[in-house]
Amino acid sequence: MSKILYENFKDYFRVGAAISGIILMNDVEREELFQKRKAWFEEFKKNFKPQPGMPEFKFTEPEPFPKGDMIEKQLAATQFNLVVAENECKMGNIYRGPDQFDFTGPDRLLKFARENNQDMRWHTLVWHQQSPKWIFDDGNGGKASKEQLEERLKHYIMTVGERYKNDICSVDVVNECISDKNFVLRDGADRSQWFDILGPDYVDKTFFWAKEAFPNSSLVINDYNLEMFEGKRMGMYNFVKGMLERGVPVDTIGLQMHINIQNPPVSEIEKTIELYASLGLKVIVTEMDISAYVDKDFEHPDPRREYDQAFLNEQADRYAQVFDCFKRYAKQGILKDVLLWGITDRMTWKNNFPAPGRTDAPLLFDTEGKPKPAFDKLLEL
Ligand code: XIL
């Protein structure tokens, strides 16, 4: 039996991981980033005003990064046959000004992927977070006009496509556009400046531009909690059904799959995949992790727990059950890729989120890069 994760699933789906740009940097670049972070953090602390009623924020000081090759890099190179940038392909990190692009991050990941014979996805073209501030401004202290913003967005998508269209197998065209409040398109009141300025047809337009820019890539609409809550699942279903009726070139729904040790049951994941397949679409799992915390209420997150053997075994069983479900839908030609959102527990985005000061343990490798029981169990599937 092979000890390589992706090889174990090669007859079913590609197994990918989100790669933090930090692991691809050299020591000098990492030190520069650390200094920048320290400065941001000091600024943040200076300006921080606690909101009445919000839980107390426990500051976690940025720490210097390890030197030399990090274990995550070796695991990324050997265990996965698909990669995606955890942050480096988001607009805010690339689009510096009206005609200013910084492709350092995406280029670095593409080079890594090529060296290791891996495919690469793009995350993401449009999102209500991590967009550059300037793009929504008219340059005179007011909001950009609809025409201005459309022009800027189209220029961005075309420029990215021009550079990467032959290297990217699938693109998260629009990320997290369904609202958790009413399960329709997230609007300006729910933090989408894209909707606010461009209006409700911005998603359709973005997909048409993406099709022009990436004619050979699969085009994905990506969101969270689709497997968790029926309301949101149906909201996405209805929205995408409308897109298809309007002839919009969406071909895949991305389930982020940030799930936890209890929820949702596998039966809900099955329902979700079947529902979207009934639209004739493919499904991929874009950002999987299994949190140790159930966090029913984000305002009052669960207290820190021990990641003891009992937890690790429970998590292993849960990973195995969910991957087993993925295998069944892969066999039917519905499910194409499964990506984890990170590699080791020391570098997961769930450390400090949603509970500042609390670590989590949602991935397949522990804080030292050692395989967890979940990894071993997946290799037995
Ligand atoms: C997260 C990254 O993991 C963090 O490093 C960053 O600070 C914030 O964004 N859903 C998404 C991802 O679509 O882009 C998010 O990534 C995690 C949730």
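Each reported figure results from applying straightforward, stated rules to the coordinates on display, with no laboratory input. On a predicted model such as this, the values are computed, not experimentally measured, just so you know. Heads up, the Cβs are rebuilt from the backbone with ideal geometry, glycines too, and the neighbour counts pull from every protein chain shown.
Here are the numbers:
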{"item": "DSSP beta bridge pairing in region 87-196, given as percent antiparallel to the nearest 5", "result": "40 percent"}
{"item": "Computed [θ] at 222 nm, helices only, for the chain once each DSSP H run of length n ≥ 4 contributes -39500 (n - 2.57)", "result": "-12000 deg cm²/dmol"}
{"item": "Inter-site label distance for Cys325 and Lys146 at 7 Å from Cα along Cβ, in nm", "result": "4.1 nm"}
{"item": "Net lengthening on full extension, Gln130/Glu43 (0.36 nm per residue, minus Cα-Cα)", "result": "29.5 nm"}
{"item": "Whole-percent pair-distance distribution, where bins are 10 Å wide, for the alpha carbons of region 235-362", "result": "12, 38, 31, 17, 3, 0"}
{"item": "Overall form of the chain per C-alpha gyration tensor (a/c, 1.5; a/b vs b/c)", "result": "rounded"}
{"item": "Sorted by Cβ neighbour density within 10 Å, fewest at the top, the residues Trp134, Trp122, Trp40, Trp349", "result": "Trp40, Trp134, Trp349, Trp122"}
{"item": "Among 147-156, 226-235, 358-367, the order from most to least packed when residues are scored by Cβ within 10 Å on average", "result": "358-367, 226-235, 147-156"}
{"item": "Pairwise FRET efficiency - Lys271 versus Asp201, Cβ, R0 = 30 Å, nearest 0.05", "result": "0.50"}
{"item": "Of the trypsin sites (Lys or Arg not before Pro) in region 238-327, those whose Cβ has at most 16 other Cβ within 10 Å and which sit in DSSP loop", "result": "Arg246, Lys296, Arg304, Arg305"}
{"item": "Residue order, fewest to most surrounding Cβ atoms within 10 angstrom, among Ile19, Ile269", "result": "Ile269, Ile19"}
{"item": "Charge dipole of region 268-381 about the Cα centre (unit charges at C-beta), most positive-ward option of Thr348, Leu379, Leu312", "result": "Leu379"}
{"item": "Ranked Phe59, Phe101, Phe183, criterion: other C-beta atoms within 10 Å, fewest first", "result": "Phe59, Phe101, Phe183"}
{"item": "DSSP bridge pairs, the chain: antiparallel proportion in percent, nearest 5", "result": "10 percent"}
